[in-house]
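Read the structure below first, then the notes.
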Amino acid sequence: MKINLANIKKAKKLLNKSECVAIPTETVYGLAGNAYSDKACKKIFKLKNRPKNNPLIVHYYNYRNLIKDCSFNNNFIELYKKFCPGPITFVLNLKKNSKISKFVTNKKNTLAVRFPKHPVARNLLKRINFPLAAPSANLSTKISAVCSADVKEDFGKKIKYVLEGGKSSIGIESTIIDLRGKPKILRLGGLENSNIQKLLKEKIKIYNNPSKISAPGQFKIHYSPGIPIRLNVEKKINDNEAYLLIKKKRINKPNYYFLSKKGNLKEAARNLYSTLRKIKKEGYKSIAVCKISNNGLGKTINDRLSRASKL
Ligand code: AMP
Ligand code: MG
């Protein structure tokens, strides 16, 4: 992707003034603001209509910029070396003298941090002298945005600027791992758990459904297209219902939407949110989803669809 410097400079100028700007990342688009500015962080919550108790992920250029805000351990160093920049978010202890806005963390002493890989996001992060708080650039509980048009569809002129970065290559949010104490996964995401387990050489528990919510990616209703979704449907599709399939069938009807031609899970994850948006726009009143294997990224896709089905 070719970098447009004028665009990046425009985003930087607005961010320096504590304005919010939508930015591309390889997972989904983020609604970014200066993580050290109360004013910018308050705006993010307001624009998204996001509950105040749902903390924000803070995006850094590299670990050197993180040292003044968080303490970290060996597990962090191992994972960082192998997977960053990339689709993994770490929950760490926040340092007492950190300047991170209290609105980011909801006054908690932990911080979720990520190092995005998208070249436009990296170029921007390198040019500014503060990290970016950036939740997904969609209205709270709705489908995430994977291109600039999605962001504009949700926010219109309410957002001062959307930095163009093409379609997100992963298309699904980051995997969140809590590294305080024994590592545990708080949200399934774009990095497969098996890769993390292999590196840390231990079985890692998934805590994405606790009664006490510590990562509201765990909230039951989320990623919703606003119409009912039926899961694990193999037959009896209604005519006015869209049928979401993991791969192309021999017989394809106009209401059939496939996430991948060959059932490739990476491709399916990349197409998930854009296909849900498309189905909604085309006026269907409900969606039936075929059974999707619960392996690798299939687990993440099933997690999102299951939350999206809780209308
Ligand atoms: P979003 O950026 O909209 O995908 O949402 C960010 C996700 O990160 C939400 O699920 C948050 O609950 C989670 N998160 C942010 N900060 C923390 C934290 N300090 N501890 C646990 N989860 C967090
Ligand atoms: Mg989100």
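The values are calculated or read from the model by the stated rules, or taken from the named source; none is laboratory data. Predicted, not measured: the structure shown is a model, and the values here were computed from it. Virtual Cβ from ideal backbone geometry, glycine too; neighbours counted across all protein chains shown.
Tabulated data for the structure shown
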| quantity | calculated |
| --- | --- |
| Subset of region 73-112 [modelled with pLDDT under 95 and basic (Lys, Arg)] | Lys107, Lys108 |
| Complete set of residues in region 28-66 that are aliphatic (A, V, I, L, M) and part of a helix (DSSP H, G or I) | Ala40, Ile44, Leu47, Leu66 |
| So Asn271, is it in a helix (DSSP H, G or I), at pLDDT 95 or above and of a type outside the set (Phe, Trp, Tyr) | yes |
| Flag for Leu124 being within 11 Å of ligand 1 (Cβ to nearest atom), aliphatic (A, V, I, L, M), touching a residue at least 12 places away in the same chain (Cβ under 8 Å) and touching a helix residue (DSSP H, G or I) at 6+ places or on another chain (Cβ under 8 Å) | no |
| Looking only at region 1-27, and only at residues there that are farther than 16 Å from Arg122 by Cα and not in a helix (DSSP H, G or I), the one that is farthest from the chain's Cα centre (by Cα) | Lys17 |
| Selection count, region 139-155, where residues are modelled with pLDDT of 95 or more and within 9 Å of ligand 2 (Cβ to nearest atom) | 1 |
| Per-region count, region 156-186, residues within 16 Å of ligand 2 (Cβ to nearest atom) and either surrounded by fewer than 21 Cβ atoms within 10 Å (Cβ to Cβ) or not assigned by TED's automatic domain parsing to the domain that holds Leu15 (or both) | 1 |
| Test: residue in region 168-182 that is touching a residue at least 60 places away in the same chain (Cβ under 8 Å) and more than 17 Å from the chain's Cα centre (by Cα) | yes |
| Pick from region 221-252, criterion basic (Lys, Arg) and loosely packed, with under 11 Cβ neighbours inside 10 Å, ranking: modelled with the lowest pLDDT | Arg250 |
| Total residues in region 254-263, condition under 16 Å from Lys278 (Cα atoms) and either of a type in the set (Ser, Thr, Tyr) or loosely packed, with under 15 Cβ neighbours inside 10 Å (or both) | 4 |
| Checklist (1) closer than 13 Å to Leu47 by Cβ; (2) among the aromatic types (Phe, Trp, Tyr); (3) within 16 Å of ligand 1 (Cβ to nearest atom) applied to Tyr161, failing item | (3) |
| Leading residue by the ranking (farthest from Tyr257 (Cα to Cα)) among those in region 286-311 that are of a type in the set (A, V, I, L, M) and out of contact with any His (no Cβ under 9 Å at 6 or more places or on another chain) | Leu311 |
| Every pair of residues 6+ apart whose Cβ atoms lie under 9 Å, when the first sits in region 99-111 and is within 13 Å of Lys42 (Cα to Cα) and outside any loop (DSSP other than H, G, I, E, B) while the second is within 16 Å of ligand 2 (Cβ to nearest atom) and aromatic (Phe, Trp, Tyr) | Phe103/Phe45 |
| Asn75 vs. criteria more than 16 Å from ligand 2 (Cβ to nearest atom), in a loop (DSSP other than H, G, I, E, B) and either over 19 Å from the mean Cα position of the chain (by Cα) or not polar (S, T, N, Q) (or both) | no |
| Restricting region 78-98 to residues that are of a type outside the set (A, V, I, L, M) and not in a loop (DSSP other than H, G, I, E, B), the residue that is nearest to Leu111 (Cα to Cα) | Asn93 |
| Pairs where the first residue, in region 250-272, is small (Gly, Ala, Ser) and the second is part of a loop (DSSP other than H, G, I, E, B), C-beta under 6 Å, 6+ apart | Gly263/Ile246; Ala268/Ile246; Ala268/Leu259; Ala268/Ser260; Ala269/Gly171; Ala269/Ile172 |
